[in-house]
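In what follows, a single structure is set out as structure tokens and then discussed.
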Amino acid sequence: MSMRPETIKLAPSILAADVSRLAEEVSAAVAAGADRIHVDVMDGHFVPNLTFGPVIVRKLRPVCPVPLEVHLMIEEPDRYLEAFAEAGADSLIVHQEGGIHLNRTVQAIHALGKKAGVAINPATPVSTVEEILPEIELLLVMTVNPGFGGQKFLAGTLPKLRRARRMIDQVRPNCELEVDGGIEPETIRQVVEAGASVIVAGSSVYGAPGGAAEGMTRLRGALAS
Ligand code: DX5
Ligand code: ZN
């Protein structure tokens, strides 16, 4: 097998956490080796759901010793970049489909001193991010349609993930390749074999019967076996 499990980063998504105990839930994931915490922001327009705003990032920042990455599933993300940056986000991930002037958005993220990520929905070709790839630190290939946790992994995204890996290796080898949606012990190997280097996981981490530590151990175990 070509994958090296120790190089794969895990980013638990707090969308699936018990938000009444958010600080504890984050601490549990960090204690279990979470490399970063993934915060899903939804606006009720770009996706049909509503979730967290900058106030949550601001409250989490002092109790979270690992980077906070903010996944902006919102229309016209430029309007909120500064608010999330000031709240303490370490990286800001915007959708290719969320605005018109993606290059300007990425420049704005960098001007705020933050890492820039770009996400693409399952139906969006990876070719649409070819020109922005040299400018970004992370490419997120959605493996479900964004909007909800606990959805089934879309295996049809795997060929695109392989194309994304080839493109990154050619033009931007240090860009991270992240996947998000439906990642569990049964699917994590496939995405890592296809080239993913950062794994977002919500339900399979926070929904594990024994909690976040057990969920993360199961994911890492699936890679090592
Ligand atoms: C989906 C979100 C995901 C979500 C993943 O719209 O972007 O980050 O939390 O949840 P699971 O891992 O349950 O599919
Ligand atoms: Zn997400």
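Just so you know, all these numbers are worked out from the coordinates, no wet-lab data involved. The shown structure was predicted, so the numbers you read here are calculated from the model rather than taken from an experiment. For neighbour counting, all protein chains shown are included, and Cβ atoms are generated from backbone atoms with ideal geometry for every residue, glycine included.
Overview of values
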{"item": "Inter-residue pairs, beta-carbon under 8 Å, first farther than 11 Å from I168 by Cα and free of Cβ contacts under 8 Å to residues at least 40 places away in the same chain and in segment 131-147, second within 8 Å of ligand 1 (Cβ to nearest atom) and among the polar types (S, T, N, Q), 6+ apart", "result": "V144/Q151; N145/Q151"}
{"item": "Residues located in segment 64-95, provided they are surrounded by fewer than 24 Cβ atoms within 10 Å (Cβ to Cβ), outside any helix (DSSP H, G or I) and in contact (Cβ under 8 Å) with a residue 24 or more places away in the chain", "result": "C64, P65, V66, P67, L68, I74, E75, G88, D90, S91"}
{"item": "Conditions (1) assigned to a loop (DSSP other than H, G, I, E, B); (2) more than 16 Å from ligand 1 (Cβ to nearest atom): number failed by P185", "result": "(2)"}
{"item": "Extreme residue, surrounded by the fewest Cβ atoms within 10 Å (Cβ to Cβ), among residues of segment 187-225 that are within 15 Å of ligand 2 (Cβ to nearest atom) and among the polar types (S, T, N, Q)", "result": "S203"}
{"item": "Any hit, segment 122-132, residues being more than 13 Å from ligand 1 (Cβ to nearest atom) and within 24 Å of R189 (Cβ to Cβ)", "result": "yes"}
{"item": "Unique match (being surrounded by fewer than 20 Cβ atoms within 10 Å (Cβ to Cβ) and closer than 21 Å to I100 by Cβ) among P134, P146, P173", "result": "P134"}
{"item": "Residue match in segment 35-48 (condition: part of a helix (DSSP H, G or I) and under 22 Å from P146 (Cα atoms))", "result": "no"}
{"item": "Members of segment 197-223 found to be β-branched (V, I, T) and within 15 Å of ligand 1 (Cβ to nearest atom), listed by number", "result": "V198, I199, V200, V205"}
{"item": "Residues located in segment 135-159, provided they are part of a helix (DSSP H, G or I) and either over 16 Å from R189 (Cα atoms) or out of contact with any strand residue (DSSP E or B) (no Cβ under 7 Å at 6 or more places or on another chain) (or both)", "result": "E135, A155, G156, L158, P159"}
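The rows are residues; the columns are (1) part of a loop (DSSP other than H, G, I, E, B); (2) free of Cβ contacts under 8 Å to residues at least 40 places away in the same chain; (3) surrounded by fewer than 21 Cβ atoms within 10 Å (Cβ to Cβ); (4) of a type outside the set (F, W, Y).
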site	(1), (2), (3), (4)
L10	no, no, no, yes
S20	no, yes, yes, yes
G33	yes, no, yes, yes
K59	no, yes, yes, yes
